[in-house]
Amino acid sequence: MTVLEADVRGIAAPPTRGILARLVRRPLALFGLVLIGLVVVVALGAPWIAPYDPYEQFFEGLSLEGAPLPPDGTFWFGTDLVGRDLFSRLIYGAQTSLIIGVVANGIAVLIGASVGIAAGYLRGRTEIVLMRFTDLMMAFPALLLAIVLAATFRPSLWIVAMVIAMVNWVQIARIIYTETRSLAERDFIEAERAMGAGALRIMFRHILPHLVSTIIVWGTLGIATTVLLEATLSFLGIGVQPPVPSWGNIIFENQTYFSSAPWLVFIPGIAILALALAFNLLGEALRDILDPTQQGYH
C-alpha cells in the first residue's frame, strides 16, 4: 500500500469497527437484530424445535366436519386444511425464507457489484454495454419479470432463488457503479495506474474495499425484498411448491379458509412482514452507521 493510498483510505473508508456496539444502542436496530437471530435459531433448530413432522397429516387435526382446528394446547397455532400442524410448518418455512433470502440476495449482490465495478472503472464500451443492459432490466417491473421467469421454469426452491437473484441485482449495480466512478477519479487510483497496476488489481484490491460498507447495507436491505418476493411468488403458486413448507405457500394453500380460519393466513402473514421489517430496520441502522456522510467523511 502506498503512502498516498493509506492517507486517502483513512479519509474515505468509513469506520467498520464497533458496528455491533453501535447497533445495540439503537432500539429499533436491536429489535431487528434480535428478531433475525430468533428466526435463524428457529430455522436451524427446526428438527428439534418443531413438535410435529411438518408433512404429517393428523386425523385428530381436523374437526368432525373436516375443517382445520383453531389454536389449542395440542396444536399451538392450529392446523391447516389437511390436518398438519401449522406451528411446525411455520418453523420449517423459516428455513425456506432464510435459504432463499440469503442465497438469492448473495447472488444478486455478487452480480450487481461485479457489473457496477466493471462498468464504473473500465468505462468505454464495457460501461455502455453493461449499463444499458442494466437500464433495460430496470425498465421491467421486478415482480412482473419474476413472475414471467418463475412461470417459465419448473418451480423449486433453487429455481426461485435464481429467479429472484436475476431481478434483484440491478439496483445494487447502479449504486456500486456510481460509487466506483467517483473512486476511480481519486488520486491514489491514479497513482496506482501510473505505477502500472492492472485493472483487476485496482478494482478488487483498491476499489472493492471502499465499497464493502455499501455492499453490506444494500445486501441487508435486499434480503427484506427477497423475503417478500419469495412469499409473493409462492402465494401465486409459481414459487416454492407444496408440500415443501414456505410462508407464502402456506397462505396460498389455506386462503379458501380465510373467513372461517383466519389464523391460517394471519399467522404466516405476520411472520413474513416481521422478518422483512427486521431486515429493513437492521439495514437502515447499518446505513446510518456506515454512511460516510453521516460520520463526517468525504
Quick count over segment 46-56, residues being outside any loop (DSSP other than H, G, I, E, B) and in contact with a Phe, Trp or Tyr (Cβ under 6 Å, 6 or more places away or on another chain), is 1
Restricting to segment 153-187, count the residues that are of a type in the set (Phe, Trp, Tyr), part of a helix (DSSP H, G or I) and more than 18 Å from residue 117 (Cα to Cα).
1
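Condition check ((1) part of a helix (DSSP H, G or I); (2) over 21 Å from residue 284 (Cα atoms)) across all residues:
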| residue | (1), (2) |
| --- | --- |
| 25 | no, no |
| 36 | yes, no |
| 42 | yes, yes |
| 99 | yes, yes |
| 105 | yes, no |
For residue 98, work out the one condition from (1) surrounded by fewer than 21 Cβ atoms within 10 Å (Cβ to Cβ); (2) within 22 Å of the chain's Cα centre (by Cα); (3) under 19 Å from residue 270 (Cα atoms); (4) modelled with pLDDT of 90 or more it doesn't fulfil.
(4)
Any idea which residue in segment 55-86 is nearest to the chain's Cα centre (by Cα), counting only those that are buried (at least 20 other Cβ atoms within 10 Å of the Cβ) and within 18 Å of residue 242 (Cα to Cα)?
86
Tally, over segment 57-115, of residues that are in contact with a Phe, Trp or Tyr (Cβ under 7 Å, 6 or more places away or on another chain) and at positive phi
2
When you go through (1) of a type outside the set (Asp, Glu); (2) at pLDDT 90 or above; (3) closer than 26 Å to residue 280 by Cβ one by one for residue 129, which number turns out not to apply?
(3)
So the check is Cβ under 6 Å with 6+ separation or different chains; which pairs have a first residue in segment 76-91 that's closer than 9 Å to residue 62 by Cβ and touching a residue at least 60 places away in the same chain (Cβ under 8 Å) and a second one that's surrounded by 19 or more Cβ atoms within 10 Å (Cβ to Cβ) and of a type in the set (Val, Ile, Thr)?
none
Does any residue in segment 252-280 that is under 21 Å from residue 240 (Cβ atoms) come within less than 7 Å, Cβ to Cβ, of a residue that is surrounded by fewer than 16 Cβ atoms within 10 Å (Cβ to Cβ) and of a type in the set (Phe, Trp, Tyr) six or more places away or on a different chain, and which pairs are these?
265/258
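The values are calculated or read from the model by the stated rules, or taken from the named source; none is laboratory data. The model shown is predicted, which means the values in this text are computed figures rather than measured ones. Positions of Cβ are backbone-derived with ideal geometry, glycine not excepted, and every protein chain shown enters the neighbour counts.
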